[in-house]
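The values are calculated or read from the model by the stated rules, or taken from the named source; none is laboratory data. Since the model is a prediction, treat every value here as computed from it, not as a measurement. Because the Cβ atoms are built from the backbone with ideal geometry, glycine has one as well, and the counts that use them run over all protein chains shown.
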Amino acid sequence: MARPQVAVVTPSLSDRGGTESVFVQEMDALVHEADITFIVDASQDDPGALPGQRIPVRVPPAPSWLYTLAWFRNASRALDRLGDTCRIRYSAGVNARGLTHMTIHAIFAEMKELQAAVPSRWSPKELNRRLRFSAIAAWEARVTRETANIATVSQRAADLLAEHYRLNGVQVIRPAPDPGRFNPAAASGSARARLGIPDHHKLVACVGNAWHSKGLDVLLQAWSRLTEPELALVVVSGEPASRVKAIASVPADSRVHWLDEYDPIAGLLADADLVVLPSRGETYGLPIAEAILCGTTVLCSRHAGVSELLPVHSVVDQLDPARWADRIRAALATDRPATIDLLSPATRQQQFLDWLLGGPT
């Protein structure tokens, strides 16, 4: 029997963690079942990452919102030129028109709404983000109407797609972090050593960009209410710390460590006493699931998709900083790691293959 011919549209083939790791997990399974043609940004291709043919798409350097528009246009044209060569045309995210299958890890209609509520202290980065979210939301509305098979990562995300685009019957395929990477053995104390945090201090960690949707300002305001000296907060975010602290109107605090990145992230999540996600809007919230595999206690906003799997003591139903401060203090005192039914990577890969290769196109 001939192997399916699948076109995959993606800006990058690199595993940089987060959503990219979910995509690479999908492709690791797909390469054994189909012949793949990748439509990929020529500047971000990694020839050794995954086997398959390449159609490089060239996108001139530009601010991210202009890059997004150029990438979408050029990737759509490249996919169109394939004609009927590939019966299945897949994208993880809104990357092109002409798809048969698409998974949605972020809903830009919601992100646009959240960004519109950002306090009006303009910066080039915030303006660029608002333009980018608006541009992708417009494409998202069009592409979701045109794509026959759509999957997403949580029931919350499926409900949002129904609300914004009247999409019903969206398949839910939840992420499956790799227990080989995320497990209690990842705890080595190296995170504390690298940051100079004493062993007897309680370490709270938060991982996420897009400060407003992740609720990083809420977290800092909550933290300012926790005056105990033997506490440490580590925030891993590409956001500028000074800007978020200014918006949150919190004083300088030597207990707060703000990092652009941390590698390996599993080491931080396993070393932490508590991992938090005070999100205003999140289709899933992968760091929470990863922390649970590490055996770490978590606190998560009810506005994150992963919260639908969590016990009630791990979910915070308000975005009030005082409420978050109380819940953080209580979680550190009781240390109750959540136990949830996460998919294994193999089960998740099979669900993805059944959905991609087994349905109509």
Return the residues of region 324-349 that are surrounded by 14 or more Cβ atoms within 10 Å (Cβ to Cβ), touching a residue at least 60 places away in the same chain (Cβ under 8 Å) and either touching a Pro at 6+ places or on another chain (Cβ under 7 Å) or under 22 Å from I292 (Cβ atoms) (or both); say none if nothing qualifies. W324, I328, R329, L332, L342, L343, P345, R348, Q349
Which of the residues spanning region 156-197 are in a helix (DSSP H, G or I), among the aliphatic types (A, V, I, L, M) and either without any contact (Cβ under 8 Å) to a residue 40 or more places away in the chain or under 30 Å from L259 (Cα atoms) (or both)? A157, A158, A162, A185, A186, A191, A193, L195
Quick check: is even one residue across region 105-117 crowded, with 18+ Cβ neighbours inside 10 Å, in contact with a strand residue (DSSP E or B) (Cβ under 7 Å, 6 or more places away or on another chain) and either of a type in the set (D, E) or modelled with pLDDT of 85 or more (or both)? yes
For region 223-241, enumerate the residues that are over 23 Å from the mean Cα position of the chain (by Cα) and in a helix (DSSP H, G or I). W223
Looking only at region 21-32, decide whether some residue is part of a loop (DSSP other than H, G, I, E, B), surrounded by fewer than 20 Cβ atoms within 10 Å (Cβ to Cβ) and over 20 Å from the mean Cα position of the chain (by Cα). yes
E282 meets each of (1) modelled with pLDDT of 95 or more; (2) closer than 22 Å to E239 by Cα; (3) surrounded by 24 or more Cβ atoms within 10 Å (Cβ to Cβ) with one exception, condition (1)
Between L353, L332, L357, which is assigned to a helix (DSSP H, G or I) and in contact with a Lys or Arg (Cβ under 6 Å, 6 or more places away or on another chain)? L332
So, in region 198-214, how many residues would count as being crowded, with 20+ Cβ neighbours inside 10 Å and part of a loop (DSSP other than H, G, I, E, B)? 2
Counted residues, region 132-155 - those being small (G, A, S), in contact with a Phe, Trp or Tyr (Cβ under 7 Å, 6 or more places away or on another chain), in a helix (DSSP H, G or I) and over 16 Å from L99 (Cα atoms): 2
Among the residues of region 144-154, is there at least one that is crowded, with 20+ Cβ neighbours inside 10 Å, of a type in the set (D, E), over 20 Å from I340 (Cα atoms) and touching a residue at least 12 places away in the same chain (Cβ under 8 Å)? no
Can you find, within region 1-16, the residue that is modelled with the highest pLDDT among those that are of a type in the set (S, T, N, Q) and within 20 Å of W71 (Cα to Cα)? T10
Look at region 60-104 and say how many of its residues are modelled with pLDDT of 95 or more, surrounded by fewer than 21 Cβ atoms within 10 Å (Cβ to Cβ) and of a type in the set (S, T, N, Q). 3
Determine, yes or no, whether S344 is among the polar types (S, T, N, Q) and touching a strand residue (DSSP E or B) at 6+ places or on another chain (Cβ under 8 Å). no
Among the candidates N95, N74, which residue alone is within 24 Å of the chain's Cα centre (by Cα), within 22 Å of W139 (Cβ to Cβ) and polar (S, T, N, Q)? N95
Of the residues S237, S242, S254, S249, which single one is of a type outside the set (D, E) and either modelled with pLDDT of 95 or more or surrounded by 19 or more Cβ atoms within 10 Å (Cβ to Cβ) (or both)? S237
List the number of the failed condition for D217; all other conditions in (1) farther than 30 Å from A62 by Cα; (2) among the acidic types (D, E); (3) buried (at least 20 other Cβ atoms within 10 Å of the Cβ) hold. (1)
How many residues, within region 242-285, are under 20 Å from A338 (Cα atoms) and under 17 Å from the mean Cα position of the chain (by Cα)? 12
Can you go through A106, A49, A75, A62 and tell me which one is touching a residue at least 24 places away in the same chain (Cβ under 8 Å), under 21 Å from F133 (Cα atoms) and in a loop (DSSP other than H, G, I, E, B)? A106
